[in-house]
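Colleague: Input: one structure, supplied below.
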Amino acid sequence: MPPKPRITREMILAAAYAIAREQGAEQINARTISERLGCSTQPVLYHFDHIEDIRREVYRMADEYQTEYLMQLPQDQNPMTALGLNYIRFAAEEKPLFRLLCQSDSFQGQNLTALTDTPQLLPILQVFQQETELTLAQAKMVFKTLCMLVHGCASLLANNTMEYDEAEIIPMLEMAFNGMIGAMKMEESQQ
């Protein structure tokens, strides 16, 4: 029976994920992974045919982490405001992962409607819809519009040396959120 490999596939992925989180996914290669693991490049190339296979796995891992992070919604806050705040906070705290997930052309071929139609978002949209008495279509429109503001703020924080100031961000999110709800209800009353 051959000896058990010292460097496992999971160890390689953990090292690549750490590199992506600290330095950015563009720094993932056989050399940086092997340096982190204290081995030659041979185990990396043994377990993975291409570095792109590792990068795809790291993307998937980062996406799972971001989803868990975003869905930690406090009960005492509007779910849309909380979701937006989590997205912005993620960009400020996890800059390289944010850039990997949200600024790497990973949504190529999709549009904003595809984002609002993801199954993971439906429970949040339904809670939001009930609280605001909007239709699901209106809730999706508010979400898409809020996405623009939130992503812009998150991008500024992820790509610049800026201070994350939650006390400044929350009133902006709430004002935008309440303004969009008011606009939707006004539009509905005029029909």
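Colleague: Counting only other residues whose beta carbon sits under 14 Å from that of Gly84, what net charge do I get with K and R as +1, D and E as -1? Present the calculation step by step, with values, prior to reporting the outcome.
Modeller: On the way: positive: Arg89, Lys144; negative: Glu166, Glu168, Glu174.
For residues surrounding Gly84, the net value is -1.
Colleague: To continue, here is another question. Indicate the gyration tensor shape class of the range 89-191 (rounded, prolate or oblate), computed on the Cα atoms with a ≥ b ≥ c the square roots of the eigenvalues: a/c under 1.5 is rounded; otherwise a/b larger than b/c is prolate and the rest oblate.
Modeller: oblate
Colleague: Might you report the magnitude of the Cβ-based charge dipole of the chain about its Cα centre, with Lys and Arg at +1 and Asp and Glu at -1, to the nearest 20 debye? Can you show the working numbers first?
Modeller: Working: 15 positive and 25 negative charges, 153 e Å.
That gives the chain a dipole magnitude of about 740 debye.
Colleague: Now a separate question. For helix 9-23, report the angle its Cα long axis makes with the longest principal axis of the Cα atoms of the chain; keep it between 0 and 90° and round to the nearest 10°.
Modeller: Between the helix axis and the principal axis of the chain, the angle is about 60 degrees.
Colleague: Okay, next question. Please compute the modelled spin-label separation between Lys144 and Leu115, points set 7 Å along Cα→Cβ, answer in nm with one decimal.
Modeller: So the label points at Leu115 and Lys144 sit 1.1 nm apart.
Colleague: How far, in degrees from 0 to 90, does helix 136-159 lean away from the longest principal axis of the Cα atoms of the chain, to the nearest 10?
Modeller: Taking Cα atoms only, the helix is inclined about 50 degrees.
Colleague: Now for a separate question. Just want to confirm a number: the relative contact order over the chain, from Cα pairs under 8 angstrom separated by 6+ residues, in percent. Show your work: numbers first, answer last.
Modeller: On the way: 161 pairs, mean separation 40.4, N = 191.
Once divided by the residue count of the chain, the mean separation gives 21 percent.
Colleague: Let me ask you something else. Cα gyration tensor of the range 1-70, axes a ≥ b ≥ c as square roots of the eigenvalues: rounded (a/c below 1.5), prolate (a/b > b/c) or oblate?
Modeller: Note, shape of the range 1-70 comes out prolate.
Colleague: Moving on. What is the dipole size for the range 1-70, taken about its Cα centre, with +1 at each Lys and Arg Cβ and -1 at each Asp and Glu Cβ, in debye to the nearest 20? Mind showing how you got there, number by number?
Modeller: Values: 9 positive and 11 negative charges, 67 e Å.
The dipole of the range 1-70 has a size of about 320 debye.
Colleague: The range 41-132: D in µm²/s via Stokes-Einstein (Kirkwood Rh, Cα pairs, 4 °C, 1.567 mPa s)?
Modeller: Working: Rh = 15.3 Å.
The diffusion coefficient I find is 85 µm²/s.
Colleague: Given Cα positions, please report Rg to Rh for the chain, the hydrodynamic radius being the Kirkwood one.
Modeller: We get a ratio of 1.09 for the chain.
Colleague: What number comes out for the charge environment of Ala16, summing +1 per Lys or Arg and -1 per Asp or Glu over other residues with Cβ under 15 Å away?
Modeller: Charge balance near Ala16 sits at -3.
Colleague: Can you spot the aspartates and glutamates whose alpha carbon is less than 12 Å from Lys140's alpha carbon? Ignore those fewer than 8 places along the same chain.
Modeller: Asp117
Colleague: Give me the aspartates and glutamates in straight-line cross-link reach of Lys185: C-alpha distance below 20 Å, same-chain residues under 8 apart excluded.
Modeller: Candidates past the 8-residue exclusion: Glu131, Glu133, Glu174.
None of the figures in this text is laboratory data; all of them are computed from the coordinates on show. Since we're looking at a predicted model, the values are computed, not measured. Glycine also receives a Cβ, built like all others from the backbone with ideal geometry; neighbour counts cover every protein chain displayed.
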